[in-house]
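A short write-up of the structure that comes next.
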Amino acid sequence: MSTSVSCVHQQRGPLSSAESAAYEHAVLGSRLHADRPPPEIGISRGEWAHACENLVRRRLLSRAEDGGLTAVHPDVALSILNAPLTDEIRQREQAMAANSRVLQSIGRRLAEYGRQHDGVRVVQGEKAIRDEIDSAILRCATEILSLRPGGPRSTDQFSASEASVTSIFVRGLRCQFVYHHTARANPGLAARAKAVAAYGGGIRTTAASFERLIIFDRRVAFVPVDAPGTADHAAAVISDDVVVEYLHRTFTHLWANAIPLELAEDQMDEVSLGTRMAILRLMAAGLKDEAIANRLGMALRTCRRHISSILKGLNVSSRFQAGIRIAQLGILADEVADSDQSGRTDVSPLW
């Protein structure tokens, strides 16, 4: 067994110095004889015979009928010598590729396992999201809290089916919804507010910017995976107690500083002022008109009308001049200070 392995190893190995000398001598036109080493080569008879025999075994020398040895062309010899090595490399590459496929598949399953068992699970696609939310509504026992940016959306993938919405009121679940102030222009929102209030819930609006959020029974939460302004084709279903509790506190703080939908007439100025202060904050943060409109859930034309009014009120003609004027007047500094003193948390551009 050891002799066979050694032979195979020798066959795949490089040419020895004696083999190289013999092959070169043959290539240059000399006809070799295994029992007669050329004097100019300077090697023993036994070493020469061994070298010739190996070259024949490797098919670099061919034996004629009279026993003479002739060499194949070096290009052919190169292919002969490298063929087994090339096959071995190809086999190793195939083995490496197979290992990669197997381990990558296991890695993906591990990542999915981790998401499901670490309290975060990602759901892809409009139908899958609706099914998950419908399922959460069916399991819900007491309350549903939701931040709903609203605004001009042709479709809403991040919502429940009509049947599930109906079941919320049939079962008397307590609901609290927070919209942007711009949602007050929706004629159907007042009717929804009355239905929600009948079960101890309510609808409020705020000028603060925020992203979508739904919390069921303080046990499971849904948040969008996609960036604001894009279609909500993926949602993260969060069941980790610490994260859900944090999201619940965030909602509670935002709710406490929002204005009830059924506000008195003399509070309408506060809504208008709140909207403009939110626009000022986002302008100061460097957001463009489209980004501000999306963040606050309002039409671009409405947003630009507000911005034009703000510039006019500041007696400036450009955003740059407005920034200087705002800094000189200390408008945002005073607003943030007042918010901090009263425990407000809606000054963060994240919410």
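The values are calculated or read from the model by the stated rules, or taken from the named source; none is laboratory data. Predicted model, so just to flag it, every value in this text is computed and none were measured. In this analysis, Cβ positions are derived from the backbone assuming ideal geometry, glycine residues included, and neighbour counts consider all displayed protein chains. Only protein heavy atoms, including side chains, enter the accessible area calculation; ligands, DNA and RNA are left aside. Shrake-Rupley method; radii C 1.70, N 1.55, O 1.52, S 1.80 Å.
Observations on the structure shown:
- Contact map, the range 132-146: residues that are in a strand (DSSP E or B) paired with residues that are surrounded by fewer than 17 Cβ atoms within 10 Å (Cβ to Cβ) and of a type in the set (Asp, Glu), Cβ distance under 8 Å, separation 6+ or inter-chain. Pairs shown: GLU143/ASP217.
- If the condition is being in contact with a strand residue (DSSP E or B) (Cβ under 8 Å, 6 or more places away or on another chain) and open to solvent by less than 100 Å² (accessible area, probe 1.4 Å), then the range 14-32 contributes ALA22, TYR23, HIS25, ALA26, VAL27, LEU32.
- Selection count where residues are in contact with a Lys or Arg (Cβ under 8 Å, 6 or more places away or on another chain) and at pLDDT below 90, scope the range 210-223: 1
- One residue stands out in the range 171-187 among those that are assigned to a helix (DSSP H, G or I) and without any contact (Cβ under 8 Å) to a residue 40 or more places away in the chain: the one that is most open to solvent (accessible area, probe 1.4 Å), namely PRO187.
- Checking each residue in the range 63-81 for being of a type in the set (A, V, I, L, M), in a loop (DSSP other than H, G, I, E, B) and either over 18 Å from ARG31 (Cβ atoms) or in contact with a Leu (Cβ under 9 Å, 6 or more places away or on another chain) (or both) picks out only VAL72.
- Count of the range 233-257 residues which are open to solvent by less than 10 Å² (accessible area, probe 1.4 Å), at pLDDT below 90 and within 25 Å of ARG184 (Cα to Cα): 1
- Residues being in a helix (DSSP H, G or I) and of a type in the set (Gly, Ala, Ser) - total across the range 24-62: 4
- Contacts under 6 angstrom Cβ, first residue in the range 76-105 being surrounded by 10 or more Cβ atoms within 10 Å (Cβ to Cβ), partner not in a helix (DSSP H, G or I), 6 or more apart: ALA77/LEU60; ILE80/ARG59
- Within the range 42-72, the set of residues being in contact (Cβ under 8 Å) with a residue 24 or more places away in the chain and open to solvent by 50 Å² or more (accessible area, probe 1.4 Å) comprises GLU47, HIS50, ARG57, THR70.
- The range 188-209 - residue that is part of a loop (DSSP other than H, G, I, E, B) and at pLDDT 80 or above and, of those, least open to solvent (accessible area, probe 1.4 Å): GLY201
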